[in-house]
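Below is one structure, written out as structure tokens; the observations come after it.
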Amino acid sequence: MFRFAEPDYLYLLICIPLLATIYILAVRSRRKRLARFGNPVTVGTLMPEASPRRTTGKTVIFLLAVTVLVIAMARPQLGSKLKEVEREGVEIMLAVDVSNSMLAADFAPNRLERTKFAVEKVLEGIDEDKVGVIVFAGDAYVQLPITSDYTTARNFVSQISPDMVSKQGTALGKAISLAASSFSTGSENSRVIILITDGENHEDDPIAAARHAADLGVKIYTIGIGTPEGAPIEFGGDFIRDENGEIVVSRLDEKTLQEIAVITGGAYIRAGNQSIGLEEVINAINDTEKAKLSAMVFEEYDERFQYLLAVVLALLVLELAIMQRKNKLLAKYDIFAPKHK
């Protein structure tokens, strides 16, 4: 596995195009000043030893050396030894509703964006549990299998959108069934599903799916995001309308979500304006019986920055060895001279 031990140093790479821009502006300024003395070709004959190509070459080599130096400062490393470790934790499948109704704006900017923000924030605070992500609308798909890589999980969550599921609707039953079958072996006593939805089920029987999940020892915590009063759904710059031309209003269906939670021994929380309730759910999950979860992690990393420093040194030596002016003794070895056929 490749990684940077100090990735913040990579921000210094922004300086490279800035330095290149400064050099280009300096060259243009020099040409303008020389043009004041007469025709550039004539002026050039008065300075036979001047070599703009050498100056440009030295600058390119210097900028390349700085680039490699910055990468070396970030300390590139390669994982050299895998180790299986055991942790006390819970396996959590996040089932996120991505149907069009989640675009309702009774939570700013809309239900789905608030959900994504809350999930990413919670993922930053856990360190022993494993997580997976399922997205669902009229169908359900595993977006991320169970993993202990929270960085990857946050990246996947940030990309969630209604476009991920082509079939519209809200199939709570399919989401629950898929999540219940996606846990790893050995986690029988610590399986949790967090179902985040507005609860408007139109496709299947979520209660039957919840009973099956309960038989498998899965607890389901449901989070209802939305308001009983509801809100219109904006999609493509306009509000979604029914067959009669009336604006569709999406309302929170708490009854179904409460029943799912009760059947599986979990809990139901209604999202609020300040918090959608994920932190409360995680606190409740911490009281769940935890199991030993195994994971393969890199125990040792080999440093690779020293090789890059050698490249930097070689580039700087080359840059110093190139003279800015032409040398008569070395003229026949001038690599910057124009080619003649």
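The values are calculated or read from the model by the stated rules, or taken from the named source; none is laboratory data. None of the values given here were measured: they were computed from a predicted structure. Cβ placement follows ideal geometry from the backbone for every residue including glycine, while neighbour counts extend to all protein chains displayed.
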Just to check your reading of the model, which residue among Thr151, Thr170, Thr185, Thr147 is touching a His at 6+ places or on another chain (Cβ under 6 Å) and at pLDDT below 90? Thr170
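Taking region 239-257 on its own, how many of its residues are surrounded by 17 or more Cβ atoms within 10 Å (Cβ to Cβ) and out of contact with any Gly (no Cβ under 8 Å at 6 or more places or on another chain)? Explain how you work it out, then say what you get.
First pass over region 239-257, keeping only residues surrounded by 17 or more Cβ atoms within 10 Å (Cβ to Cβ): 240, 250-253, 256-257.
The next check asks that each one be out of contact with any Gly (no Cβ under 8 Å at 6 or more places or on another chain); those that pass are 240.
Within region 239-257, residues that are surrounded by 17 or more Cβ atoms within 10 Å (Cβ to Cβ) and out of contact with any Gly (no Cβ under 8 Å at 6 or more places or on another chain) number 1.
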Tally the residues that are surrounded by fewer than 20 Cβ atoms within 10 Å (Cβ to Cβ) and either small (Gly, Ala, Ser) or not assigned by TED's automatic domain parsing to the domain that holds Ile176 (or both), restricting the search to region 112-153. 2
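Among the residues of region 247-288, write down those that are polar (S, T, N, Q) and under 28 Å from the mean Cα position of the chain (by Cα). So that I can check it myself, show each step before the final result.
So the first thing to find is which residues in region 247-288 are polar (S, T, N, Q), and the list is 250, 256, 258, 264, 273-275, 283, 286, 288.
Residues satisfying the conditions are Asn273, Gln274, Ser275, Asn283, Asn286.
Per-residue answers, yes or no, for (1) crowded, with 18+ Cβ neighbours inside 10 Å; (2) of a type in the set (S, T, N, Q):
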position	(1), (2)
Ala175	yes, no
Ser181	no, yes
Asn189	no, yes
Val192	yes, no
Ile196	yes, no
Ala209	yes, no
Asp215	no, no
Glu229	no, no
Gly237	no, no
Which condition breaks for Thr170 when tested against (1) buried (at least 17 other Cβ atoms within 10 Å of the Cβ); (2) in contact (Cβ under 8 Å) with a residue 40 or more places away in the chain; (3) out of contact with any strand residue (DSSP E or B) (no Cβ under 9 Å at 6 or more places or on another chain)? (3)
Got a sec? Which of Val135, Val119, Val90 is among the aliphatic types (A, V, I, L, M) and more than 20 Å from the chain's Cα centre (by Cα)? Val90
Region 159-272: helices (runs of 4 or more DSSP H) wholly inside it with 2 or more residues that are closer than 24 Å to Arg114 by Cα are 172-180, 254-264
Has region 15-30 got at least one residue that is out of contact with any strand residue (DSSP E or B) (no Cβ under 6 Å at 6 or more places or on another chain) and at pLDDT below 80? yes
When you check Ala291 against the structure, is it loosely packed, with under 10 Cβ neighbours inside 10 Å and either modelled with pLDDT under 60 or assigned by TED's automatic domain parsing to the domain that holds Arg54 (or both), yes or no? no
